[in-house]
Structures are given as C-alpha cells and as structure tokens.
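Participant: Sharing a structure with you now.
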Amino acid sequence: MIEVEGLHKLYGDFPAVQGLSFRVGAGEVLGLIGPNGAGKTTTIRSIAGIIIPSGGQIRIAGHDLAKDPVGAKTELAFIPDEPHLFEYLTVEEHLRFVGRLYGVTGISARIPGLLEEMDLGDKRGALPGELSRGMKQKLAIACGLLHEPKALLLDEPLTGLDPVGIRRMKSTIMRRAAGGTAVILSSHLLHLVEEICTRLLVLQHGRVVAFGTMAEIIASRPGLRTRSLEDVFLALIGQEEATDA
Ligand code: ATP
C-alpha cells in the first residue's frame, strides 16, 4: 500500500507538486500521466525518498517515509528511466550485491528465474559496458524486483526496450500486482498505461486533473469521448479538439 497525503514540492519558489493525495492499494497499478513538467517524476522521486518533499506525508506499507525512511525504503523499489549501474559489477554480481543490501535470503536460487524473466540468462557474466541500453534497463528492473517489494515505482520503465521486452515487462508488472504489490507507473505510452493500469492519476501543473478508473473519469466529465485514454488525456489537459463539440 502506498499512501500520499497533501504532498507539496517547491523548487525555490516554484510549486512543482501542489497538494497531491492518493492511495494505491495492494494489487493496484496506478498510471501516473501528464504533460511534460506536470510533476510526475517529482512525485515518484518523493515517494521513493530521493526528493525531500516541502510538505505532506508518504507511507509505504504502513511505514512513514519521513519518520522511518529505512523501513519504508525496504518495502519499495524505484526503477528510474535511466538505469544506474556499477561499472565493475557483472549482471550476476549486481543481483548478489543488491540482494545483500536488502538482506534477501536464497539469492542463488532466485537469480536464474529473474534473469530468465528479464531475458538476461546469457548475460550473467557481462559488465554494464557490454550490455545494450535495453539490457541495462532490464538489469535495473531485475535488481528492483529481487527483494519482492510491496511498492513498485516505475518512471518510464519501457524506454529502450524492444517489443518483446515491452511485452515481457507488461506481464512482469501485472504478475507483481497480482501477487499483491502496489504499483505506480509513470509513462507517456498511453496505450500501455491503458492496458495495464487499474486506475489513473492525471497531473497538470503539479495538481490532480483526474483520478480514478477510466470509466469513473469519463463518467465525471460529460463530453469526454470514450474511445481511448489518449482522447481522454488530451481532453483533460485542455486539447479541445479531443472533446465532443
Ligand atoms: P516529464 O514528462 O517531462 O518527465 P514530469 O511530469 O516528470 O515531466 P517533473 O520532472 O516532475 O515533471 O518537473 C515538474 C516541474 O518541476 C517542471 O516545471 C520542472 O521544470 C520543475 N523541476 C523539476 N526538477 C527541478 C529542479 N531540480 N529544480 C527546479 N525545478 C525543477
């Protein structure tokens, strides 16, 4: 469970996120969408404990992020759009290192399955410099999943993945959610968001424009077309041509 109450973030005088409140329950996949600069990355990084909010409360699986940062961070995984890897550790060494950091038991038994899931089985001994961009992203995702987090935060996770990788990643995310993980996925790939997210949070100028299931959002706005999330998104952020006249 991820709980966010009254989240504010100021960069100097600039309000990047303003009074954001929402919950993501176990098994839910929340799609965080919005135009460039809407505050998506600021929100996700605040929940991950990387950015210190200017106000508000964040709880991860019941742990208050400000009061118990280690307890909260132990329960979450954050996958950024740019993978940060250790230049001198192989794929397998990354997993062992991250596993030790999180106190994961039985790492040896879990590595083959995870590498297989990420299609990295034949890259076990490779260094990051020997991996393609998409493979690096897959390794970062594997590292994030190793400790079976209760909260999974994904910021544009599919950047650089090939179509097979994207397909696999969709099923990976859905499988984790089915296993009880609360997921937040930020992406501009609206067809992906529409396919796998159970609820949507649309941000603009750091504020919530809409929150709920597609059906709830459409029902709350008379005049919205119902064809696709793209239509709904464009209408919500003020692209009038996307609404019914
Ligand atoms: P994108 O879709 O382009 O990734 P985003 O929704 O993730 O955008 P953020 O990166 O959260 O948006 O940025 C929100 C706002 O905060 C933007 O106006 C941005 O210029 C501003 N901002 C982000 N980081 C900083 C910073 N370190 N210092 C000052 N302003 C910042």
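Every number here is computed from the coordinates shown, using simple stated rules; none is lab data. None of these values were measured; they are calculated from a predicted model. Note: ideal-geometry Cβ built from the backbone for every residue, glycine included; neighbour counts use all protein chains shown.
Participant: Subtract the Cα-Cα distance of R221 and F14 from 0.36 nm times their separation in residues, and report this length gain in nm to one decimal.
Facilitator: 71.6 nm
Participant: Oh, and also: Report D for region 70-209 in µm² per second (integer): Stokes-Einstein, Kirkwood Rh on Cα pairs, 10 °C, 1.306 mPa s.
Facilitator: My calculation gives 102 µm²/s for D.
Participant: Given the pairs K67/K170; K9/K150; K67/K138; K40/K123; K67/K123; K136/K170, which span a C-alpha to C-alpha distance of over 29 angstrom in this model?
Facilitator: K67/K170; K67/K138; K40/K123; K67/K123
Participant: From the P(r) of the chain, can you give the percent of Cα pairs sitting at distances over 22 Å?
Facilitator: Beyond 22 Å sits 55 percent of the P(r) for the chain.
Participant: Return the Rg/Rh ratio of region 86-148 with Cα-based radii and a Kirkwood Rh.
Facilitator: 0.92
Participant: How much FRET efficiency would the formula 1/(1 + (r/R0)^6) give for S21 and E130, where r is the Cβ-Cβ distance and R0 is 45 Å, rounded to 0.05?
Facilitator: 0.50
Participant: With just the Cα atoms of region 10-90, tell me how far they stretch along each of the three principal axes, in Å, largest first.
Facilitator: 41, 30, 26
Participant: Take the alpha-carbon centre of region 38-115, take the same for region 166-234, and report the distance between them in whole Å.
Facilitator: Answer, in whole Å: 23.
Participant: Just to be sure I understand: with springs between alpha-carbon atoms less than 10 Å apart, which residue in L131, L201, L153 has the highest mean-square fluctuation in the Gaussian network model of the chain?
Facilitator: Looking only at L131, L201, L153, the biggest GNM fluctuation is shown by L131.
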